[in-house]
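Step one of this worksheet: look at the structure below.
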Amino acid sequence: MKALLIIDMQAGSFTPETPRYDTEKLIEKINHLSTLYRETGNKVIFVQHDGTKEDCYFPVTPDWEILPELIIDPVDVFVSKTVNDSFYQTNLDSFLKTNAISHITITGSATDFCIEATIQSALIKDYQITVIEDGHTTADRPHLNAKAIIEHYNWVWQNMSPTVGSIKVIAFEDYLATENNLI
């Protein structure tokens, strides 16, 4: 069994004041992937940042909510996190192990924060990781634009030393062509 992680696709991160790179296409890709995962009996997991200690993204507020354009199904799983790493002090690892899920596909926001931290954590936990190369986003930073940040991290992840687990970075269209049988 596999799981699709959709990390921090929350309204407060996608405002006119906080634009993210290629948001519209990202939402389409995530919706397509989540539909495929559900149709094949695999899990879709939405990870939401609870920024209470940072005085933002309070649970059940408009900023905390998942983007309304994303398809959510009643069978989907929700994980609340308080730091960048989706595994840190959450039930994500125990849920994956309880459901015999060793392969996770990662999408969402932000490439240089929560996506990066979650990938590093999953790798040392020996998961088989697929990163959708054009399935994560971030914002421009003072010293680097979002597109360059995304390209940089895709390169980093492609060149990491493997653990017992592995990491593969693959473009959305290539993933669909080679891995649409998610069984």
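Points to keep in mind about this one:
- Only one of D8, D22, D50 that is touching a strand residue (DSSP E or B) at 6+ places or on another chain (Cβ under 9 Å), surrounded by 22 or more Cβ atoms within 10 Å (Cβ to Cβ) and not basic (K, R): D8
- Filter pass, F78 being touching a helix residue (DSSP H, G or I) at 6+ places or on another chain (Cβ under 6 Å) and over 18 Å from G135 (Cα atoms): no
- Among the residues of the range 21-41, those that are in a helix (DSSP H, G or I) and acidic (D, E) comprise E24, E28, E39.
- Any chance I183 is of a type outside the set (D, E), modelled with pLDDT of 95 or more and outside any helix (DSSP H, G or I): no
- Tally of residues being in contact with a Ser or Thr (Cβ under 6 Å, 6 or more places away or on another chain) and either assigned to a loop (DSSP other than H, G, I, E, B) or open to solvent by 30 Å² or more (accessible area, probe 1.4 Å) (or both) across the range 80-111: 4
- Tallying residues that are within 24 Å of T90 (Cβ to Cβ) and either open to solvent by 50 Å² or more (accessible area, probe 1.4 Å) or over 17 Å from the mean Cα position of the chain (by Cα) (or both) within the range 118-152 yields 5.
- Residue match in the range 39-46 (condition: charged (D, E, K, R), over 14 Å from the mean Cα position of the chain (by Cα) and on the phi < 0 side of the Ramachandran plot): yes
- Pair list, Cβ < 8 Å and 6+ apart or interchain, from the range 65-79 residues that are open to solvent by less than 50 Å² (accessible area, probe 1.4 Å) to residues that are part of a loop (DSSP other than H, G, I, E, B): I66/M9; I66/I72; L67/M9; L67/F14; L70/M9; V79/S86; V79/T90; V79/N91
- Selection from the range 144-179 of residues that are of a type in the set (S, T, N, Q) and more than 12 Å from D134 (Cα to Cα): N145, Q158, N159, S161, T163, S166, T178
- Where a residue in the range 81-93 is within 11 Å of T118 (Cα to Cα) and in contact (Cβ under 8 Å) with a residue 24 or more places away in the chain and its partner, wherever it lies, is surrounded by 19 or more Cβ atoms within 10 Å (Cβ to Cβ) and basic (K, R), with Cβ under 7 Å and at least six apart: Y88/K81
- Residue in the range 26-42 that is of a type in the set (A, V, I, L, M, F, W, C), over 21 Å from T130 (Cα atoms), open to solvent by 10 Å² or more (accessible area, probe 1.4 Å) and at pLDDT 95 or above present: no
- Filter pass, E173 being under 23 Å from T35 (Cα atoms) and open to solvent by 90 Å² or more (accessible area, probe 1.4 Å): yes
The values are calculated or read from the model by the stated rules, or taken from the named source; none is laboratory data. Predicted model, so just to flag it, every value in this text is computed and none were measured. Positions of Cβ are generated from backbone atoms using ideal geometry, with glycine treated the same way; all protein chains shown enter the neighbour counts. When the accessible area is computed, the model is the full protein with side chains, heavy atoms only, and any ligands, DNA or RNA have been set aside. Shrake-Rupley method; radii C 1.70, N 1.55, O 1.52, S 1.80 Å.
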